[in-house]
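Below: the structure, in C-alpha cells.
The values are calculated or read from the model by the stated rules, or taken from the named source; none is laboratory data. For clarity, every value in this text was computed on a predicted model and none was experimentally measured. Note that we place each Cβ from the backbone using ideal geometry, even for glycine, and neighbour counts take in every protein chain shown. Calculation scope for accessible area: heavy atoms of the full protein, side chains included, ligands and nucleic acids excluded. Shrake-Rupley method; radii C 1.70, N 1.55, O 1.52, S 1.80 Å.
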Amino acid sequence: MPSQKPRVRRVPVVMPEGATSGQPWYRSLHFSGFSLLMLAIIVLFVVVLAPSLRTLVQQQEQITGMQRQVAAQKADVAQKKHDVARWDDPAYIEAQARDRLLYVYPGEESYLVMGGDGGTSATPAPTTDSGTPVSSTVQTPKVDWVQSMLSSVLESGLSDDTSDELEGRSGTTDSGSSDSGATDGGSTSK
C-alpha cells in the first residue's frame, strides 16, 4: 500500500496595512555561529591589512617620485654626453676659443667694441657670467697672488702648529688679509 502524505495547503497571510509587528527590523535578524565567525574574520582582516595598504600606497608614491627623478637624471646625462661629444668637433673647439677666450690666429687682429652705439641705445652694460660689470679700463690686481701663495706654502710647511690650528688661523687671517691687501697694495711685512 502506498504511503499517503498528508496534504498541506499553504495560504498567504497579509498583515493589515496600518498594523505593525511591534518589533524593530533588527530583531528579525538571526545570527548563527558561522555568520558571527565570518564577521569577526572580516573585521580582523580589515584591521590587519589597513596599515599595510597605507604603507603600500606610500611606497607606490615614492616609487613614482623616484622614477621621475631617474628620468630627469637620465635626460641630464644624455644632455651632458651630447655636450661632451660636441667637444670632439674641431670647429666647435675653435669657435669656443674665439668666443670665450678671444683667441685669434697669427696675423689676425681682434677688436673688442664696447659701447658701440655711443650710449644712445637702452641696452644694459655688459656683464660677466658672475654678474659683475665689464670695465672699459685695464685694471691691475691689488693683491700679489704669487707672493700670497708662496707665503702660505712656506708658513704651512715650516710651522709647528697642527693642521686644526692652521685651519682655524686661516679662517681669520684670510678675511683680514684681503682687507689689508686692498689698502697697502698687496705688500705684507712680518
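Using a 1.4 Å probe and ignoring any ligands, DNA or RNA, find the accessible area of residue 160 and quote it in Å² to the nearest 10.
My reading of the accessible area for residue 160 is about 150 Å².
Ignoring ligands, DNA and RNA, what accessible area per residue does region 44-101 give at 1.4 Å, in Å²? Intermediate results must be reported in sequence, preceding the final value.
On the way: 5110 Å² over 58 residues.
That works out to 88 Å² for each residue.
Stretched out fully, how many nm does the piece from residue 128 to residue 114 gain, at 0.36 nm a residue minus the Cα gap?
This chain segment gains 3.7 nm when fully extended.
Which FRET efficiency, nearest 0.05, do residue 44 and residue 68 yield, Cβ-Cβ r, R0 41 Å?
0.65
What figure in square angstrom, to the nearest 10, would you give for the accessible area of residue 128 with a 1.4 Å probe?
That residue has around 60 Å² of solvent-accessible surface.
So how much accessible area does residue 34 have, in Å² to the nearest 10, using a 1.4 Å probe?
Near enough 140 Å² of accessible area.
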